[in-house]
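Asker: Before I ask anything, here is the structure I am working with.
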Amino acid sequence: MTSSSTVPRARKIKRRAPRGFLKRALKLRKPHLRLETNGDLLIHLNCLLFIHRLAEESRINACETKCGIIKKEHILAAAKVILKKSRG
């Protein structure tokens with residue numbers, strides 16, 4: 001094999017939560033709140049899961065209306081559904 005036909009190895013991408021920003025934002029909003037050591041990471045994970053569910057539900061709403069683009073209306077409708085489900 002020649003060197004031009006080889007595929008370069010993929011670099012490992014580091015994906016880390018912005019912990020300093022999360023802690024600072026929580027202290028500004030809720031200064032009386034006392035979190036565990038990794039409480040900020042749990043909050044970050046919860047936000048990521050919410051955004052993932054919001055994207056899925058928005059895509060479903062867009063497909064139901066036969067629209068190729070996710071619009072503001074699809075996101076708002078999805079947010080209502082997700083928040084209603086999370087309340088119980």
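The values are calculated or read from the model by the stated rules, or taken from the named source; none is laboratory data. What you are looking at is a predicted structure, and each value in this text was computed from that prediction instead of being measured. Methodologically, a virtual Cβ is constructed for each residue, glycine included, from the backbone with ideal geometry; neighbour enumeration extends over all protein chains shown. Protein only, heavy atoms only, side chains kept; ligands, DNA and RNA dropped before computing areas. Shrake-Rupley method; radii C 1.70, N 1.55, O 1.52, S 1.80 Å.
Asker: Quickly run through region 41-70 and pick out the residues that are closer than 29 Å to Pro18 by Cα, over 13 Å from the mean Cα position of the chain (by Cα) and open to solvent by 100 Å² or more (accessible area, probe 1.4 Å).
Answerer: Arg59
Asker: Whether any residue in region 51-66 is of a type in the set (A, V, I, L, M, F, W, C), touching a helix residue (DSSP H, G or I) at 6+ places or on another chain (Cβ under 7 Å), touching a residue at least 12 places away in the same chain (Cβ under 8 Å) and part of a loop (DSSP other than H, G, I, E, B) is what I want to check.
Answerer: Looking through region 51-66, none of the residues is of a type in the set (A, V, I, L, M, F, W, C), touching a helix residue (DSSP H, G or I) at 6+ places or on another chain (Cβ under 7 Å), touching a residue at least 12 places away in the same chain (Cβ under 8 Å) and part of a loop (DSSP other than H, G, I, E, B).
Asker: Let me ask another. Within region 1-40, work out how many residues are among the basic types (Lys, Arg), at pLDDT 85 or above and exposed (fewer than 12 other Cβ atoms within 10 Å of the Cβ).
Answerer: Number of matching residues: 3.
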